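Below: one structure, written as structure tokens.
The values are calculated or read from the model by the stated rules, or taken from the named source; none is laboratory data. If you're wondering where the values come from, they're calculated on a predicted model, not measured in any experiment. So basically every Cβ, Gly included, is an ideal-geometry build from the backbone, and we count neighbours across all protein chains shown.
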Amino acid sequence: MSNKTRSKTVNRSENKRAKAKALRYSPKALPDFPKCGLQGRPYQPYQCESHLTMRDIKYFHKTFDTNTTKIAQDSFQVSYCKIENPKRKHTPTDSVNNKLKSITIKYTVKGSHGGLVPVCREAFLGILSIEKYRVLRVLKKFKVTGQLPHETRGGNRITNKNDAKNGKMKTFIESLRCTESHYCRSKSTE
């Protein structure tokens, strides 16, 4: 008979927080075949339908979704998008915010021949099943800082919460004058 304790081993992948984290960046839907109608004619730079097969789209989507962390998915997005300064920074006159355009993005998808196929934004977002604001946020941050945005969810937020209180308590306790124990009080001066 062994003298091991019967303490339960904690399986962290089974708790609620870990399950929510795993679901957060897991695939939400199957990839969409591009329906933009861009065939890659000489006057169209995009080759969404003509040079991509469903196998290419499925492989690209699977490669993106094997990365289950936000940081890995963001680096995947950056590797298949080219960021440039816009040639024209005008905004539409009916725009609500009237903000100037800060970046121009060229999207590409890896084809079966091994090369990168230029696609439109709708095709890129449909294949990866993500929102356009996620891609814009990641690429703007990457252009400004040169680094990918890091994950800010989770972590220890309680450690630094009471530092000011702890410092004040330490200074108060140190300001008190000490007296000797009552066993040796006859030797003390006070």
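A Cβ distance below 8 Å, combined with a sequence gap of six or more or placement on separate chains, defines the contacts here; from the stretch 104-119, residues that are basic (Lys, Arg) reach residues that are at pLDDT 90 or above and assigned to a strand (DSSP E or B) in the pairs Lys106/Cys81; Lys106/Lys82. Residues in the stretch 23-45 include at least one that is of a type in the set (A, V, I, L, M), at pLDDT below 75 and either surrounded by 10 or more Cβ atoms within 10 Å (Cβ to Cβ) or closer than 21 Å to Glu131 by Cα (or both). When you check Lys106 against the structure, is it farther than 25 Å from Thr68 by Cβ, touching a Pro at 6+ places or on another chain (Cβ under 9 Å) and at pLDDT 90 or above, yes or no? Criteria met by Lys106.
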